[in-house]
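Following: one structure in structure tokens, then a few remarks.
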DNA sequence: GTTGTAGGCAAGCGTTCACTTGCCTGTCAA
DNA sequence: TTGACAGGCAAGTGAACGCTTGCCTACAAC
């Protein structure tokens with residue numbers, strides 16, 4: 001089996017999924033960048049600490065990798081863990097209308 | 001956006017993921033069949049009511065469809081909702097070792 | 001050094017969630 | 001009709017989770 005509970009836990013929260021959307025749109029953002037853009041584009045009023053905790057969960061799931069540079073910490077998305085999902089439950093190709 | 005929170009909520013629980021594994025292995029099982037086989041193969045000691053509630057969540061997420069026949073209710077897996085995940089965050093092809 | 005910025009750590013709070021318990025409905029066989 | 005079987009409904013409980021609050025560390029500009 002050897003499944004990864006952290007992966008599904010990370011995907012379980014709507015704010016974390018929005019963060020993945022944000023990093024898909026613009027990869028390598030800092031914490032404050034993400035906070036600002038989430039408030040702008042998605043109307044999310046999440047605090048900095050909340051986003052920070054979300055990023056920690058995403059990093060533990062392997063969906064986000066970080067890169068430190070001075071006092072900045074850049075966050076990069078990595079979608080490869082998602083492959084385990086479609087490998088576990090194969091998706092039927094193009095289902096025709098019933 | 002139009003994401004489906006129910007899908008990720010359904011995938012968020014380990015027992016529900018095991019149920020999906022079980023239905024992948026043998027599709028169209030009844031509630032009692034699933035209970036029995038989960039106890040046998042996976043050592044899960046979940047009660048009937050617990051499994052029933054899990055199946056309701058999976059059905060609401062569109063991952064499981066049901067078919068009534070007399071006093072039996074057969075459960076069928078449908079992995080097509082999973083497609084929205086890989087469409088939302090495209091997966092890189094075959095990452096080489098760093 | 002002092003100030004401002006980027007981020008981290010940890011305790012507390014309220015909600016959500018999985019599971020149990022108990023009882024009820026519907027179907028089939030004897 | 002009676003009893004066994006397959007499943008459903010709803011309230012209650014304990015744990016996990018998301019978020020806040022408050023304080024602290026590290027780096028950079030003045």
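Every read-out reported here was derived from the displayed coordinates using simple, explicitly stated rules and does not represent laboratory data. These figures come from a predicted structure and were not determined experimentally. Counting neighbours? That spans all protein chains shown, and the Cβs are built from the backbone with ideal geometry, glycine included.
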Fill in the blank from the handout: Counting only backbone N atoms under 15 Å from a point 7 Å out along Cα-to-Cβ of residue A:47, the residues of the stretch A:12-27 in range are none
Handout entry: Nearest 10 degrees, 0 to 90: helix A:48-60 Cα axis against chain A principal axis
Key = 40
Completion exercise
With label points set 7 Å from each Cα along the Cα-to-Cβ direction at residue B:93 and residue A:69, the distance between them in nm comes to 2.9
Practice task
Using only Cα atoms, tell me the angle between helix B:14-25 and the longest principal axis of chain B; keep it within 0 to 90° and round to the nearest 10.
Solution key: 80
Practice task
Give me the angle, in degrees from 0 to 90, between the Cα long axis of helix B:31-42 and the longest principal axis of the Cα atoms of chain B, rounded to the nearest 10.
Solution key: 60
Fill in the blank from the handout: With one decimal in nm and the nearest listed first, the spacings from residue B:42 to its own position in the other copies, using label points 7 Å along Cα-to-Cβ, are 2.9
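Determine one quarter of the surface area of the Cα convex hull of chain B, which equals its mean projected area, and express it in nm² to one decimal.
Dividing the Cα hull surface by four gives the mean projection, 8.3 nm².
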Practice task
Could you work out the Rg to Rh ratio of the protein assembly as shown, with Rh taken as the Kirkwood radius (inverse of the mean 1/r over all Cα pairs)?
Solution key: 1.03
Handout entry: Helical contribution to [θ] at 222 nm, DSSP H n ≥ 4, -39,500 (n - 2.57), averaged over chain B, rounded to 500
Key = -15000 deg cm²/dmol
